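Taking it in order: structure first as C-alpha cells, then the write-up.
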Amino acid sequence: MKVWRDSWFLFAIVALALCLGLIVVPQFRLLSASLITAGGRFAVVHRATAGLEAVKELSDRFEVSGMPEALSVGTNGEALLTLQPDGPQTIRLTALSGGGIRARIDSDSSITILAGDRTLHVTQQVPTGLFNRKAPDPLSVTDLGNGSLRLSHGLNAYLTFEDRTLSATLANYVSFFTSRDTLAATINSLVVAIASTTLAGLIGVSLAYVVARFAVPGRKIIILLITMASISPPFLGAYAWRLLLGRNGLITRSLDVHFSIVGIHGVIWVIAWLVFPIIFLLSYDAFTGLDEGHVEAAASLGARPSHIRWTVEVPLAMPGILIGLYLATMAALADFGTPRIIALDLNVLPVLVYTSFLSEGGGNPGLAATGSMVLVGLSSAFLYAQQVYLARRTFAVVSARPPRAKPISPGGRIAAIGFAALVLFFAFVPHLTVLVTSFLRWRVGLPEPVFTTANYLAMFNSNLASAWVTLSLGIAGTLAALAIGVGIAYVLVRKRYRIIAPALNFIVMLPYVIPGTVLGIGLILIFNDGPIVLTGTWLILAIAYLIRNLPFTVKAAEAALNQVHPALEEAAMSLGARPLRSFLTVTAPLMLAGAVTGATLTFLHIVTELSSTIVLYRPPWKPLTAVIFENTLRDSDFGVSAAQTVLLMLIIYVPLYLVVRYGRSERRIDV
C-alpha cells in the first residue's frame, strides 16, 4: 500500500502510539485506581507485654475497637471476627459472622483467611534492632475448630489484614469530598492559586503595559532580566524568603520583629513572584502586537488616554493576558516545593497526593489517585473557562500597524524606571540571597558574617554526583524531545493526516494540564510491575521529563516551520531529492533557530523540575533539585544547599544567556 511507504505516516503512527502509552494510559490507570478499590484493610500490633492494639493509620473501611485483651473487627456495621492474645506470639481469631473461618498459607509466606464472605490476606512486619540479625518467625496458622484459628507470628509484629477484592465504586470520591482534610487541601490550593495569580497579574500586566506602550529607557534589559527570572528553580524563592523572613530569618532576627513568612500568606507571596514573569512576557507580546489604528481612532473621537487604555488596549490584549494568567494559575496549582518549604503544615493538593502515595505508614493509593484526578479536573476547568471567554469575543484586527511607544515625561520616566527596578529587585531577591549566603559560614542552621568558600569545597567533595545526574538527564531528555518534537511539528504543519494529526496535537499538549506529581504517580502505576519495570531507574525520570516538556519543542518547532514556505521543500523534491532528504537538508536548517529555542526551554525546565522528580527518583539517580529540596526541609547545612543552588543557577542561566545573545538569526526567504 502506498500509504505505508510514506515514512512520515509511519513516524506519526509510532509517535501517536508512544504518546498514548506514556501520556494517556497512565492517566486512565490513575482514573481506574480512583474508581476501582479493594475491600479495605485493618492492622494491629501485638506487643508481648502490652497485648493487642489497633493501628488506625493503616486501617481503611474496617472498624476495629476494644481493649488490649480483645479486639472486635467489623465492616459496614456488621461484626466480622474477634482477635484475642493467646501468648506472646500468638493470636486467637474467632468468627462472629456465619460461614465459619478457614485459612491457608500462600506461596509468598502470607496467610489467607476466609471469614464469612470476606477473604483476608495477612502479612506481618517485625521490628528488628540494630544488632539483631535473626530472621523473624514466619507466619503460621492452626485450625482450633469451633470457628477459631490460632495465628502465630514474629515477636512484636505488626499484622495487616487486607481484603483485595476489587469493585467499582465512588467511595474514594465520596470520602474525598466529605473529609475535612481533603476539602481543606482543595480549598487551600484554590486560594493559593487564585490569590497568587491575582497578585502576579497586577504586577506583570501593569509592568508589561508600561514597558510596551511607553518609551521606557532600558527596555531590552528589563525584558532580558524578567526572562531570566522566568526560569528559576521552583523552590528557590521559598528557600530564600524563609532565610530572610522565617522565624529565625536574617531580617526578622536583625530587626527583632515578631513576624514570619511561614504560612499561607508566605506561599501566596512567593508563588506570585515565581509566576509573574510568565504573565509579563505574554502580556508584553500582546500589547506590542496591537494595531495602532484602533488607538488613533479612539483618540480622534475624543476618548481620554485612560478610557482608551481600559476600553481598547487592554481588551484587545486580553488573549495574551488570559493565556499568561492561565499558565500562572497552573504553575501555582501544581507547585509542590513552595508550600512544602514555606509552610510545612499547610495541606495543598500536590502535597496531599504525594504524602498519600508515598507515606511511610503504607500510603493510601486510592486517595492519591482521587486527589490526582481532582487536580487534573481543576486544571481542565480553568482551561475550559479561559477558552469559553475567548470564544465568545472577537479580538482580530483588520490591519497590523505596530503601535508606537508613547513619549514619557521626566517624572513619568523616573516613575516607570522605579517601578521596573522595584519589581526586578523583588524578583531577584532569592537569587541574591542564595548567592550571598553561599559564601557565609553556617552554624546550627544560622549564618555568621564570616566569608568562606568552605560551602563550595564541601559541595565539590561530596555532592557533584547529583549535578552530573541533572546534566545527563537534562541533555538526554532535551535531545529526545528535540528529535520527536520536530518530527511531530512537521506532521502537524505539513502532513495534517486526517485523524492522526489532530489526535497527536491534542495528546502532546495534555501534559500542560497534568501536574508533575500526578504524572509521576501515573508512570509508577504503569511501570511498577511487569512486563516493563522502570520504577527506580534513570529511564523513568527521562520519560517523565520528555513528556512534561514535549509541548515546548513541538510548539516552538511548529511556529518556526510555519515561517518556512513549502515551495522550498517542493523545489528540492522536484530536483529528485527524497522527502526525508529534502526535510533534513532544506526544511530542518531553516527551522533550526525555533527548534533550538524550544530545546533550550526544555533543558531549562528539566534541570529545575521538582514535582515529578520528588515522586520518581531513587538513589543513585538523585537530581540536584531533589538534593537541595531535601536539605532545605531538614534545615541541614544551608550553606552547602546555597552553593548547590548557585551551581544550579549557573546550569540554567549560561545556556539561556547564550541563546538570547547568539540564538537569534536573521534569515530571508524569497519565493
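For PHE235, state whether it is under 28 Å from TRP442 (Cα atoms) and of a type in the set (Phe, Trp, Tyr). Answer is yes for this residue. Taking the listed residues SER254, SER283, SER306, SER300, the one that is of a type in the set (Gly, Ala, Ser) and under 18 Å from LEU446 (Cβ atoms) is SER254, with no other qualifying.
Taking VAL64 as the residue in question, decide whether it is of a type in the set (A, V, I, L, M, F, W, C) and farther than 19 Å from ALA115 by Cβ. For VAL64, the condition - of a type in the set (A, V, I, L, M, F, W, C) and farther than 19 Å from ALA115 by Cβ - is not met.
Evaluated against (1) of a type outside the set (Gly, Ala, Ser); (2) touching a strand residue (DSSP E or B) at 6+ places or on another chain (Cβ under 9 Å); (3) farther than 23 Å from ALA343 by Cα, THR227 falls short on exactly one condition, (2).
Quick one: would you say VAL25 is assigned to a helix (DSSP H, G or I), within 17 Å of ILE499 (Cβ to Cβ) and in the same structural domain as ALA501 (by TED's automatic domain parsing)? No: the conditions fail for VAL25.
Under the condition of being touching a residue at least 24 places away in the same chain (Cβ under 8 Å) and touching a Phe, Trp or Tyr at 6+ places or on another chain (Cβ under 7 Å), the residues counted in the range 521-536 number 2.
The set of residues in the range 575-629 that are outside any helix (DSSP H, G or I) and farther than 18 Å from ALA480 by Cα comprises LEU575, GLY576, ALA577, ARG578, LEU610, TYR617, ARG618, PRO619, PRO620, TRP621, LYS622, PRO623. Looking at this structure, is PHE419 without any contact (Cβ under 8 Å) to a residue 12 or more places away in the chain and not in a loop (DSSP other than H, G, I, E, B)? When the stated conditions are applied, PHE419 does not pass them. Of LEU352, LEU367, LEU325, all but one fail to be in contact (Cβ under 8 Å) with a residue 40 or more places away in the chain, assigned to a helix (DSSP H, G or I) and within 30 Å of PHE280 (Cα to Cα); the exception is LEU325.
Looking only at the range 426-444, residues that are among the small types (Gly, Ala, Ser) and exposed (fewer than 14 other Cβ atoms within 10 Å of the Cβ) come to 0 in all. When restricted to residues that are touching a residue at least 40 places away in the same chain (Cβ under 8 Å), farther than 16 Å from SER356 by Cα and either in contact with a Pro (Cβ under 9 Å, 6 or more places away or on another chain) or of a type outside the set (A, V, I, L, M) (or both), the range 166-182 contains 2. Does ILE543 satisfy being part of a helix (DSSP H, G or I) and of a type in the set (Val, Ile, Thr)? When the stated conditions are applied, ILE543 passes them.
Every listed requirement among (1) part of a loop (DSSP other than H, G, I, E, B); (2) at negative phi is met by ALA332 save one, (1). Restricting the search to helices (runs of 4 or more DSSP H) fully inside the range 248-311 and requiring at least 2 residues that are over 20 Å from ILE323 (Cβ atoms), over 35 Å from the mean Cα position of the chain (by Cα) and free of Cβ contacts under 8 Å to residues at least 60 places away in the same chain gives 250-255, 292-300, 305-308. Note on the range 475-518: residues that are out of contact with any Leu (no Cβ under 7 Å at 6 or more places or on another chain), surrounded by 24 or more Cβ atoms within 10 Å (Cβ to Cβ) and modelled with pLDDT of 90 or more amount to 1.
In the range 33-62, the qualifying residues are those that are among the acidic types (Asp, Glu) and either free of Cβ contacts under 8 Å to residues at least 40 places away in the same chain or in a strand (DSSP E or B) (or both), and the one that is farthest from THR355 (Cα to Cα) is GLU53. From the list LEU349, LEU358, LEU344, LEU375, the lone residue that is more than 28 Å from PHE638 (Cα to Cα) and hydrophobic (A, V, I, L, M, F, W, C) is LEU375. Scan the range 372-425 for residues that are at pLDDT 75 or above, under 28 Å from MET228 (Cα atoms) and surrounded by 11 or more Cβ atoms within 10 Å (Cβ to Cβ) and the total you get is 20. Which members of the range 511-540 meet the condition of being within 16 Å of LEU18 (Cα to Cα) and part of a helix (DSSP H, G or I)? Within the range 511-540, PRO511, LEU519, GLY522, LEU523, ILE526, PHE527, LEU539, ILE540 qualify.
The values are calculated or read from the model by the stated rules, or taken from the named source; none is laboratory data. A quick note: this is a predicted structure, and the numbers were derived from the prediction, not measured. Every residue, glycine among them, receives a Cβ derived from its backbone with ideal geometry; neighbour counts consider all protein chains shown.
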